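Here the structure is laid out as structure tokens; the discussion comes afterwards.
The values are calculated or read from the model by the stated rules, or taken from the named source; none is laboratory data. On a predicted model such as this, the values are computed, not experimentally measured, just so you know. So basically every Cβ, Gly included, is an ideal-geometry build from the backbone, and we count neighbours across all protein chains shown. Areas reflect the complete protein model, heavy atoms only, side chains present, ligands, DNA and RNA absent. Shrake-Rupley method; radii C 1.70, N 1.55, O 1.52, S 1.80 Å.
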Amino acid sequence: MRRIFILALLWVSCSAVINIFAQEESVFYHTVERGQTVFSIAKMYNVSAEEVFRLNIGSEDGIREGQRLRIPQKSVQSDVDAPKGDYIYHTIVTRETLYGVSNKYGVSAQSIMDANPGLTYKTFMIGKTIRIPLNVKPEKTTEIVEKPRGDKEIYYTVPTGETMFNICRTFKTSEKELLKLNPELAGGLRKGMTLRIPLRIDEQDIPKEKAPDSVEVNAMLNVKKETMPMHDAKVALLLPYDPNAPKTTAASKRLTEYYEGILLAVDSLRKMGYSSELFVYDIGDDKNQLQKILSSKEDILENVNLIIGGVTNEQIKLIADFAKKKKVKYVIPFTSKNDEVLDNSFVFQINTPQPYLYANAAYAGANLFSGYNIVFLDTKEEKDNQEEFIKTFKQELKERNISFKNTVYVDDDFEKKIISSLSTEKPSVIVLVSSSLEALKKTKAVFRSITITKPEYKITLFGYPLWQTYYEDCLDDFHALDTYIYSLFYADNMSPAVKDFYNTYKNWYSKSPSMSTYPKYAMLGFDTGMFFFSAIQQIGADFENNLAGIKYNSLQTGFNFERVNNWGGFINTNIYIIHYNKDFTITRSDFK
């Protein structure tokens with residue numbers, strides 16, 4: 001019995017080990033990058049958040065940059081580019097090469113490169129994930145066909161380094177005969193061409209294309225992708241707005257101003273010597289009208305260099321799929337709550353998703369205030385509570401071993417309460433948990449009083465994008481309290497460039513742009529047009545291959561586009577740190 005028990009125990013142990021290895025084979029690894037969440041990572045790989053939680057104990061409570069997550073391996077079907085077939089994911093390991101990955105999966109290196117448009121020597125690195133296409137049929141290098149009268153021809157794919165002289169000598173033919181069968185040769189012989197050649201040699205003597213060696217394959221990661229400037233940029237603007245129909249809703253006014261800003265950008269570029277052709281379509285408030293436009297104007301839209309537009313997620317999905325199919329760049333101008341960028345290499349998302357925004361703001365805040373006494377103040381305001389940002393900021397501080405304090409607002413003798421959290425040895429930065437105007441109103445007077453009556457305490461505020469709209473109530477306070485805020489948008493109304501924009505806008509439209517909206521949509525349209533139109537004109541339709549070469553000093557919206565993964569699109573990760581200096585000047589710094 002004892003032997004039976006021991007054997008049974010061994011069998012159970014072996015089974016457990018086998019199960020562990022089986023499970024290990026069905027997962028790959030993802031290294032968390034700043035701003036990513038379990039939900040965005042799950043969406044990226046077409047799995048559920050619950051599956052990620054199950055494989056990564058503790059991830060329900062949050063994940064951190066650099067953490068390695070186990071992701072279930074699933075073969076998924078692309079819903080747009082179906083001919084490329086299914087794909088799985090591969091995590092690059094130590095000393096791995098593109099040549100090695102190609103051999104491991106039996107897939108050509110070119111197919112892997114095509115499935116991962118962002119793959120270069122900079123992104124082929126340990127811990128990064130790439131897509132591996134499956135069921136990819138190898139290209140035929142030779143194919144023999146028999147003609148009706150018994151003659152045979154060979155279809156021969158031209159390899160690297162091939163010459164007309166060598167083809168004629170190998171296949172016992174002449175250039176004149178080849179040109180007759182292949183008129184396209186009049187433009188010269190090029191790698192990849194498939195030629196018709198009369199078969200006058202033994203089939204076993206047909207040359208086989210040499211398999212590329214490891215050096216040649218790995219060098220593909222270093223190939224510089226060509227760009228070609230275009231004097232004329234062709235852009236389609238798809239918005240739920242008819243410029244000829246008067247509308248009075250707040251949403252339509254914002255879209256009107258956005259369109260007007262784009263037109264000002266077209267005019268500014270014209271004065272610089274560039275031409276822009278703009279195709280404008282009213283797509284309605286749902287997807288029905290948009291579907292008709294995409295089908296009826298397909299010939300026009302597939303020949304533009306850029307599409308801008310879409311408001312609802314349904315509209316964005318339709319445009320993103322169209323752009324992917326037609327290989328046209330697509331800019332999502334407004335929403336940050338859309339996931340098309342995760343799986344579509346043609347998408348550029350201007351409005352940064354909140355997790356990325358909070359992560360970048362927390363990172364910038366930790367850099368700025370690492371030498372400060374950091375105090376989080378909860379004013380018990382339910383309105384505009386910034387719980388997610390505060391959580392992200394505290395996590396960043398903890399990971400850097402930067403200490404901070406927590407305190408709560410009290411009505412009775414608040415000054416005494418807050419002073420107990422301040423320091424005389426170093427300046428204190430106060431972070432309000434709420435971004436509401438009410439939270440500022442009930443605390444700012446006390447902060448200012450302390451800086452005047454007790455100068456040994458140095459107070460700074462670190463606040464939110466929404467604070468820009470409080471300039472009538474708080475501008476003097478922001479300067480007096482040496483305030484910093486983070487934001488995606490900021491326009492310095494005192495700068496010559498912004499003043500010139502306002503004057504031009506008023507001259508064109510006999511009105512001033514709305515000052516109450518945030519951001520200012522006219523300026524958002526202008527910045528978007530100037531950045532993307534000039535990118536096409538100065539770099540070319542494939543401007544994503546040289547994003548660093550796009551030089552534009554934005555009026556309100558900064559641009560720093562980064563790929564979300566090796567196969568997806570680009571999100572704008574730029575944020576501003578705005579400093580209200582004590583001398584009543586304002587400094588705007590880019591954080592990238």
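Of these, 517, 504, which one is closer than 24 Å to residue 432 by Cα and not aromatic (Phe, Trp, Tyr)? Give the derivation first.
Values: 504 fails: closer than 24 Å to residue 432 by Cα.
Within the list 517, 504, the selection yields 517.
Kindly indicate which of 154, 144 is open to solvent by 20 Å² or more (accessible area, probe 1.4 Å), hydrophobic (A, V, I, L, M, F, W, C) and modelled with pLDDT under 85. Don't jump to the end; show me each part of the working.
Numbers: 154 fails: open to solvent by 20 Å² or more (accessible area, probe 1.4 Å).
It is 144.
Could you count how many residues in segment 75-119 are of a type in the set (D, E, K, R), open to solvent by 70 Å² or more (accessible area, probe 1.4 Å) and either assigned to a loop (DSSP other than H, G, I, E, B) or at pLDDT 95 or above (or both)? It would help to see each step written out before you state the result.
Taking segment 75-119 as the starting set, the residues that turn out to be of a type in the set (D, E, K, R) are 79, 81, 84, 86, 95-96, 104, 114.
If we keep only those that are open to solvent by 70 Å² or more (accessible area, probe 1.4 Å) as well, we get 79, 84, 95, 104, 114.
Now narrow it down to the ones that are either assigned to a loop (DSSP other than H, G, I, E, B) or at pLDDT 95 or above (or both): 79, 95.
Of the residues in segment 75-119, 2 are of a type in the set (D, E, K, R), open to solvent by 70 Å² or more (accessible area, probe 1.4 Å) and either assigned to a loop (DSSP other than H, G, I, E, B) or at pLDDT 95 or above (or both).
Quickly run through segment 186-196 and pick out the residues that are hydrophobic (A, V, I, L, M, F, W, C), in contact with a strand residue (DSSP E or B) (Cβ under 8 Å, 6 or more places away or on another chain) and at pLDDT below 85. Working first, answer last.
From segment 186-196, those hydrophobic (A, V, I, L, M, F, W, C) are 186, 189, 193, 195; that's our starting set.
Remaining after also requiring in contact with a strand residue (DSSP E or B) (Cβ under 8 Å, 6 or more places away or on another chain): 193, 195.
Matches in segment 186-196: 193 only.
Given the residues 478, 532, 526, which is the only one that is modelled with pLDDT of 95 or more, hydrophobic (A, V, I, L, M, F, W, C) and open to solvent by 10 Å² or more (accessible area, probe 1.4 Å)?
On the way: 478 fails: open to solvent by 10 Å² or more (accessible area, probe 1.4 Å); 532 fails: open to solvent by 10 Å² or more (accessible area, probe 1.4 Å).
On inspection, the qualifying residue turns out to be 526.
Looking at 21, 53, 5 in this structure, which one is of a type in the set (A, V, I, L, M, F, W, C) and modelled with pLDDT of 95 or more? Write out each step before concluding.
Numbers: 21 fails: modelled with pLDDT of 95 or more; 5 fails: modelled with pLDDT of 95 or more.
Residue meeting the stated conditions: 53.
Go through (1) surrounded by 10 or more Cβ atoms within 10 Å (Cβ to Cβ); (2) assigned to a helix (DSSP H, G or I) one by one and return the number of the condition residue 176 breaks.
Every listed condition holds for residue 176 apart from (1).
Mind telling me which of the residues 212, 207, 229 ends up being touching a Gly at 6+ places or on another chain (Cβ under 8 Å), modelled with pLDDT under 90 and assigned to a loop (DSSP other than H, G, I, E, B)? Spell out the reasoning first.
Working: 212 fails: touching a Gly at 6+ places or on another chain (Cβ under 8 Å); 207 fails: touching a Gly at 6+ places or on another chain (Cβ under 8 Å).
Answer to the selection: 229.
For the list (1) within 25 Å of residue 515 (Cβ to Cβ); (2) assigned to a helix (DSSP H, G or I); (3) aliphatic (A, V, I, L, M); (4) touching a helix residue (DSSP H, G or I) at 6+ places or on another chain (Cβ under 8 Å), I need the number of the one condition that residue 237 fails.
All conditions are met except number (2).
Looking only at segment 546-572, count how many residues are modelled with pLDDT of 95 or more, of a type in the set (Val, Ile, Thr) and assigned to a loop (DSSP other than H, G, I, E, B).
Qualifying residue count for the region: 1.
Do you know which residues across segment 387-413 are open to solvent by less than 30 Å² (accessible area, probe 1.4 Å) and in a loop (DSSP other than H, G, I, E, B)?
Hit for segment 387-413 is 402, nothing else.
Please note which helices (runs of 4 or more DSSP H) are completely contained in segment 285-368 and include at least 2 residues that are of a type in the set (Ser, Thr, Tyr) and surrounded by fewer than 20 Cβ atoms within 10 Å (Cβ to Cβ). Give the steps one after another, and end with the answer.
Details: elements: 288-296, 298-301, 313-326.
Filter on segment 285-368 gives 288-296.
With the condition being among the aromatic types (Phe, Trp, Tyr) and over 23 Å from residue 579 (Cβ atoms), I'd like the strands (runs of 3 or more DSSP E) fully within segment 414-518 carrying at least 1 qualifying residues. First the steps, then the outcome.
Details: elements: 428-432, 459-463, 484-487.
Result: empty, no element qualifies.
Filter segment 558-590 down to the residues that are under 30 Å from residue 458 (Cα atoms) and basic (Lys, Arg), then identify the one that is most open to solvent (accessible area, probe 1.4 Å). Talk me through it step by step, then tell me what you get.
Filtering segment 558-590 for residues under 30 Å from residue 458 (Cα atoms) gives 574-590.
From what's left, basic (Lys, Arg): 582, 588.
Working: 582: 120, 588: 72 Å².
So, considering only residues that are under 30 Å from residue 458 (Cα atoms) and basic (Lys, Arg), the one most open to solvent (accessible area, probe 1.4 Å) is 582.
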